[in-house]
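First up is the structure itself, then whatever we jot down about it.
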Amino acid sequence: STGGTLIRQAVKEAKPVFSATSEDARRRVLNLYRAWFRQLPYIIREYDVPLTLPMCRRKLRENFEKYRQVNDIRVIDLLVAKGQMELVETAHMWKQKTHVMDYFKQTVSPKPTDFLGKFFDGKEP
Amino acid sequence: ISQHAIQRCSQWRCYASASSAGLSQDKITERVMTVIKLFEKISAEKLTIESHFMKELGLDSLDHVELLMAIEDEFGFEIPDQDAEKLNKPSDIIKYLCEKMEVDYK
């Protein structure tokens, strides 16, 4: 390189999404949990959904536990933003019953163990 | 966050002084301990006034939030986040409530 040119070192720091510290992010997460928790009885009533309050609370806890080990503040902020968007859509009744029941959809169907089950599945016994 | 959340039906009047509303530290203690005992994640045997929620009773932060929400519902006012972080034992909660509701704390 030509003499006299300075090598500029880019300061490698990520711009924050919402929160500047992890304390801030933690507070956002807990507030989101609180808001969802308070909204649950109204969701059950307004969507006339065949769920009980304990089921909903367990599902809420499950969805929060899914991201328990995330430590990156920007990722936490994005997850909180998405959760907040879901809450707003659900609370305003912009969703329908099926969208609420989607939270409880089984994503893994149990594999058949007996002969007939496997036969109907099309797999070799 | 919770614009559409709850319309808290405030059917109780705010009395001028706490004592005329029948509040004393003992009554507050009783109500707080009842709320905490009703919380299923806490075993009633290990519960004392000085037991730490996270260290001794094994609650995590979300459980702590749920517990404080139950207490907010019982006493009818919201506990802000900065205060909520410090309430780690039943005695802390009782002291905080006594300060907020202007009851003498001994």
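The values are calculated or read from the model by the stated rules, or taken from the named source; none is laboratory data. Just so you know, these numbers come straight off a predicted model, no measurement behind them. As a convention, Cβ positions derive from the backbone with ideal geometry for all residues, glycine included, and neighbour counts pool all protein chains shown.
General remarks:
- Pairs, first under 16 Å from residue A:41 (Cα atoms) and touching a residue at least 24 places away in the same chain (Cβ under 8 Å) in the range A:84-95, second among the hydrophobic types (A, V, I, L, M, F, W, C) and assigned to a loop (DSSP other than H, G, I, E, B), C-beta under 9 Å, six or more apart: A:87/B:1; A:91/B:5
- Unmet criterion (only one of (1) touching a Gly at 6+ places or on another chain (Cβ under 9 Å); (2) under 20 Å from residue B:81 (Cβ atoms)) for residue A:111: (2)
- Unique match (being surrounded by fewer than 14 Cβ atoms within 10 Å (Cβ to Cβ) and either within 14 Å of chain B (Cβ to nearest Cβ) or part of a helix (DSSP H, G or I) (or both)) among A:36, A:94: A:94
- Residue selected from the range B:55-82 under the condition in a helix (DSSP H, G or I), more than 8 Å from the chain's Cα centre (by Cα) and at pLDDT below 90, by the criterion surrounded by the fewest Cβ atoms within 10 Å (Cβ to Cβ): B:82
- Qualifying residue in the range A:81-90 (condition: at pLDDT 95 or above, in contact with a Pro (Cβ under 8 Å, 6 or more places away or on another chain), surrounded by 11 or more Cβ atoms within 10 Å (Cβ to Cβ) and in a helix (DSSP H, G or I)): no
- Within the range B:86-106, the set of residues being in contact with a Leu (Cβ under 9 Å, 6 or more places away or on another chain) and either under 12 Å from residue A:30 (Cβ atoms) or among the β-branched types (Val, Ile, Thr) (or both) comprises B:93, B:103.
- Qualifying position, being away from every other protein chain (no Cβ under 14 Å), modelled with pLDDT under 80 and surrounded by 15 or more Cβ atoms within 10 Å (Cβ to Cβ), among B:28, B:42, B:94: B:42
- Residue in the range A:12-20 that is modelled with pLDDT of 95 or more and surrounded by 17 or more Cβ atoms within 10 Å (Cβ to Cβ) present: no
- Some residue of the range A:105-119 being in contact (Cβ under 8 Å) with a residue 60 or more places away in the chain and in a helix (DSSP H, G or I): no
Quick grid of which residues meet (1) among the small types (Gly, Ala, Ser); (2) free of Cβ contacts under 8 Å to residues at least 12 places away in the same chain; (3) within 22 Å of residue A:68 (Cβ to Cβ):
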position	(1), (2), (3)
B:23	no, no, no
B:35	no, no, no
B:43	yes, no, no
B:50	no, no, no
B:55	no, yes, yes
B:82	no, yes, no
B:86	no, yes, no
B:90	no, no, no
B:96	no, no, no
